[in-house]
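Enquirer: Attaching a single structure in structure tokens format; questions to follow.
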Amino acid sequence: MTIQTILKMGDPRLLRVAQPVTQFDTPALHQLVQDLRDTMKAANGAGIAAPQIGADWQVVIFGSNERNPRYPDRPLVPPTVLVNPVITPLGEEEESDWEGCLSVPGLRAMVPRWRRIHYRGMDEFGQIIDREAEGFHARVVQHECDHVWGKLYPMRVRDFTQFGYTDVLFPEISAAEDD
Ligand code: NI
């Protein structure tokens, strides 16, 4: 079990376009995925991306079979490893909702995202993943894939009156669960 340090906003490694993975089912890729799992679980993340632990690869993981204490009222998203992701919006419709990020601890903002998307990529074994998603599932995928393209959610915020500290906005979510 290897819990890695999560880089915080301001670290230039979070602003890189990560490298695509070219070799699958390798010990190095499996180790990266395990480190992401351990780190996400320890931080109660809804997802995490390789750049957040300083790994310059297009690898994200998200989802869980258990409800997330940081997002207790959100639907479950299937546990997924997504490598070299490509997202295509389905339709023009956007939806705004609250987001946080393990690299931006203690803060939340309303972030507009595509409501429905098609996403594809591969898992760590090189098996194709090809799905449509909407709502919270689509939001999590867009948030995590943004990390591999060097984007953090504050760069997507349009209404800065809806950007604040989690403990002020959502006192019911304990600070211990959001840092
Ligand atoms: Ni994030």
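Every read-out reported here was derived from the displayed coordinates using simple, explicitly stated rules and does not represent laboratory data. This is a predicted model, so every value here is computed, not measured. Every residue, glycine among them, receives a Cβ derived from its backbone with ideal geometry; neighbour counts consider all protein chains shown.
Enquirer: What is the magnitude of the charge dipole of the chain about its Cα centre, with +1 placed on the Cβ of each Lys and Arg, -1 on the Cβ of each Asp and Glu, and no other charges, expressed in debye to the nearest 20?
Expert: The dipole of the chain has a size of about 260 debye.
Enquirer: In addition: Please work out whether segment 1-106 counts as rounded, prolate or oblate from its C-alpha gyration tensor, where a ≥ b ≥ c are the square roots of the eigenvalues and a/c under 1.5 means rounded, while otherwise a/b larger than b/c means prolate and anything else oblate?
Expert: rounded
Enquirer: Along the charge dipole of segment 72-179, pointing to its positive end and built from +1/-1 on Cβ of Lys, Arg, Asp and Glu, which listed residue (Gln127, Cys101, Val77) has its Cα farthest out?
Expert: After comparing all options, I get Gln127.
Enquirer: Right, another one. Expressed as an acute angle from 0 to 90° and rounded to the nearest 10, what is the orientation of the C-alpha long axis of helix 27-42 relative to the principal long axis of the chain?
Expert: With rounding to tens, the tilt is 20 degrees.
Enquirer: What FRET efficiency would be calculated for the residue pair Gln19, Asp167, taking the C-beta separation as r and a Förster radius of 35 Å, to the nearest 0.05?
Expert: After rounding to 0.05, the efficiency reads 0.45.
Enquirer: When Lys and Arg each count +1 and Asp and Glu each count -1, what net charge do the other residues less than 13 Å away from Val33, Cβ to Cβ, add up to?
Expert: -3
Enquirer: Roughly what percent of Cα-Cα pairs across segment 85-145 reach past 20 Å?
Expert: 32
Enquirer: Hey, another quick one. To the nearest 10 degrees, how steeply does helix 135-148 sit against the main Cα axis of the chain, on a 0 to 90 scale?
Expert: Taking Cα atoms only, the helix is inclined about 60 degrees.
Enquirer: Please state the equivalent ellipsoid semi-axes for the chain: what are the square roots of 5 times the Cα gyration tensor eigenvalues, largest first, in whole Å?
Expert: So the equivalent ellipsoid measures 24, 19, 15 Å along its semi-axes.
Enquirer: Shifting gears a bit: Could you tally the net charge around Ala49, taking each other residue with its Cβ under 10 Å from the Cβ of Ala49, Lys/Arg +1 and Asp/Glu -1?
Expert: Local charge sum for Ala49: -2.
Enquirer: Relative contact order (percent) for segment 1-150, with alpha-carbon contacts under 8 angstrom and 6 or more residues of separation?
Expert: 26
Enquirer: Also: Taking segment 61-102 on its own, what percent of its Cα-Cα pair distances exceed 13 Å?
Expert: 69
Enquirer: How big is the charge dipole of segment 1-59 about its Cα centre, in debye rounded to the nearest 20, if each Lys and Arg gets +1 on its Cβ and each Asp and Glu gets -1 on its Cβ?
Expert: My answer is approximately 160 debye.
Enquirer: Here is a further query. Fewest first, what order do His30, His143 take by the number of other Cβ atoms within 10 Å?
Expert: Ordered by Cβ neighbours within 10 Å, fewest first: His30, His143.
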